[in-house]
Amino acid sequence: MYLQASGVSISAESLSKVFNEGREAIGSALSELKDLTIISSKKERIGNRIITVNTLVDPDYWAPETRLLISLYVPNSRLSTNSLLAVKQTEYLGAAEDEYKIVNLKPGGAVDFPSSYDPDDLSKDRERSRTNKYLEKENASKKKYEQRMQRRSGDPSNWSVTDTAFEFANGMHELWHVKPWSVTTSRFRIALADARSTHGTTGDIEKLMIDLYFKQIKHDTKIDDPEIIWKRFIMQFNGLKIQAERFMVTPEDMKHEKELARKSQEWMDNV
Amino acid sequence: MFDVEDLKIRRKTWLKTAAIPSARVGWTLDDCSEALEEDIIQVRKWLSLVKDKKIIRALGKQSCGKGLMFYGTPGHGKTTIALSALQEAMLTFPIDSFDVKEGRTLIRPCYFITFNDVIDLKGSVIEGATEDEDVLYQGILGECQNDAYNIRLLVIDDIGREHASLSGWQKNLLHHVLRTRFNNGLPTIITTNVKREDWVGLYGDATESFANEAFTYMAIESKQGDLRK
């Protein structure tokens, strides 16, 4: 309420200038308020920067359990005892699951919480639901990645930039357990497309370059940042291309090498 | 394929100390069904020369220490053939083919290592290696004081796949390892994706010329192209 009245923008940085608490403490408090639906946040682009804008949510739109808690712990809030009862009777009891229906209202306004409605449990519930959401998102991404890999052509020479990016991401996943789908959404794909047009490479040579690159750096335990891994690949693109081209063998090359080999083996017949 | 556990203790120990990648343990040349027959015949011919004591420490003979260089594109079975040849030697060679003095033992007659690992091993030796690492490195060169640890048949895999910014000492290391082994009459099988004519640019004239002298060149192709697909 103070925030709204003071007109201070709600960010950890600006609030830390007004209050005695530090930026981190305020940040974690804001995140708690976000969990309670008291504030909401969205990302906005300002020029080249993307910033998070926090706004206060009208109490009418707070989650029922938040309204209940605020009424209990902040007596002077807009949510009076009367409105607390209203919350319980109209929204809370109506919308909540069965387990919440056993909230007992006693004469005098005192409320007994069953063990399942302990504030600690509430935070556990919230944590559980957050974990579930995260897992769902992960599974959806994984499915999308698998479908993408299935769609990819078996012949690397027909690969698009995205196909190659997935191949690279797959290598990262095997060595450092960086998730393949998180790489393709990074700037890597753009950088790869740029390198491809500059050096005129195709999927088959890029596959070989990726293979070479990972073989070379897999022992380097100091690298653990995906950003560094792909940036190094782009930096070494030309060197790797030269190295990979050496390994690209045409049927004519092979014929020539076979002839050299035949001559080299002659001594074995004469020993 | 053979089961290592069925072997007698000596050969079992040899196989277990050879650092064979687990996916290829128990393979012989008979198991390389995707390889061209002509390639297998040539490898067998070379192995029979080794068995007949015409290569390992065959002092005074031109064939002394002469190894095999497998060239080919990735996935055509170079490493598999090299590993199979190595295991066939450990499985079938009489002990005197490895030039073991009477009454002596042989701990590690054959060994498999990638060139990147040789570089790492050398790095450890420079920085203060453990006794085991030191013995392994000396054994790779064939210069270990205890002859039981000198590796008679060595496979160095993936030459040409080392770090793109290969510095001078690493290039010299390849020359040093190959030449020292050759000079000690110990054959090496190397696998590479680098064409012989490209060795000059990558490793220098001296190494390329030495490779011609010390290795029998084989261009390996599989019957069905890239086997990893």
Give the shape of region A:202-271 as rounded, prolate or oblate, defined through the alpha-carbon gyration tensor: a ≥ b ≥ c are the square roots of its eigenvalues, a/c under 1.5 means rounded, and otherwise the shape is prolate if a/b is larger than b/c and oblate if not. prolate
Could you report the accessible area of A:T52 in Å², rounded to 10, computed with a 1.4 Å probe on the protein chains as they sit in the structure? 70
Hey, what D do you get for region B:143-229 in µm²/s if you plug the Kirkwood alpha-carbon radius into Stokes-Einstein at 20 °C and 1.002 mPa s? 148
Quick one: accessible surface of A:I50, probe radius 1.4 Å, all protein chains present, in square angstrom to the nearest 10. 110
Shielded by partner chains, region A:201-221 residues - at least 20 Å² of accessible area, 1.4 Å probe, vs chain alone: A:L208, A:D211, A:L212, A:K215, A:Q216, A:H219
Percent relative contact order of region A:117-264, based on C-alpha pairs within less than 8 angstrom and at least six residues apart? 21
Electrostatic dipole magnitude of the protein assembly as shown [Cβ: Lys, Arg +1; Asp, Glu -1; Cα centre; debye, to 20]: 500
Order of exposure, largest accessible area first, which applies to A:K255, B:K78 with probe 1.4 Å: A:K255, B:K78
Helix-only estimate, please: 222 nm mean residue ellipticity of chain B, summing -39500 (n - 2.57) across DSSP H runs of length 4 or more and dividing by its residues, to the nearest 500. -12500 deg cm²/dmol
Please average, across the residues of A:255-265, the number of beta carbons from any other chain that are within 10 Å of each residue's own beta carbon, and give a whole number. 6
Relative contact order (%) - criterion: Cα under 8 Å, at least six apart; region: chain B: 30
Which three extents, in whole angstrom, do the alpha-carbon atoms of the protein assembly as shown cover along their principal axes, largest first? 109, 54, 43
Hey, what do the phi angles of region A:58-69 turn into as Karplus ³J(HN,Hα) couplings, whole Hz, using 6.51/-1.76/1.60 and θ = phi - 60°, x for Gly and Pro? 4, x, 5, 9, 5, 5, x, 5, 5, 4, 5, 5
Rounded to two decimals, what is Rg over Rh for region A:133-193 when you use alpha-carbon atoms and the Kirkwood radius? 0.98
Percent of Cα-Cα pairs per 10 Å bin, from 0 to the last occupied bin, for region B:61-219, please list those. 10, 41, 36, 12, 1
Amide H proximity to B:I189 below 5 Å, modelled H, separation 5+ or other chain, gives B:L68, B:L154, B:V155, B:I156
Amide H proximity to A:I39 below 5 Å, modelled H, separation 5+ or other chain, gives A:K34, A:V57
Largest-first ordering by accessible area, 1.4 Å probe, given options A:Y145, A:Y134, B:Y137: A:Y134, A:Y145, B:Y137
If amide H atoms are built 1.01 Å from N in the plane of the peptide, which residues on other chains or at least 5 residues away come under 5 Å of the amide H of A:S11? none
The equivalent-ellipsoid semi-axes of region A:140-271, taken as the square roots of five times the Cα gyration tensor eigenvalues and listed largest first in whole Å, are 34, 17, 15
Would you kindly find the accessible area of B:C64, with a 1.4 Å probe and non-protein molecules such as ligands, DNA and RNA excluded, rounding to the nearest 10 Å²? 20
antiparallel share of DSSP beta bridges within chain B, to nearest 5, in %, is 5
Quick one: Karplus J couplings for region A:243-251, per residue in order, coefficients 6.51, -1.76, 1.60, θ = phi - 60°, nearest Hz, x for Gly and Pro? 5, 5, 4, 5, 8, 7, 10, 8, x
Diffing region B:115-128: the Karplus 3J(HN,Hα) column from phi (6.51, -1.76, 1.60, θ = phi - 60°), in whole Hz with x for Gly and Pro, holds 5, 4, 6, 5, 4, 4, 5, 4, x, 5, 4, 5, 7, x
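The values are calculated or read from the model by the stated rules, or taken from the named source; none is laboratory data. These numbers come from a predicted model, not from an experiment. Backbone-built Cβ (ideal geometry, glycine too); neighbour counts: all protein chains shown. Ligands, DNA and RNA are excluded from the accessible area calculation, which covers all protein heavy atoms including side chains. Shrake-Rupley method; radii C 1.70, N 1.55, O 1.52, S 1.80 Å.
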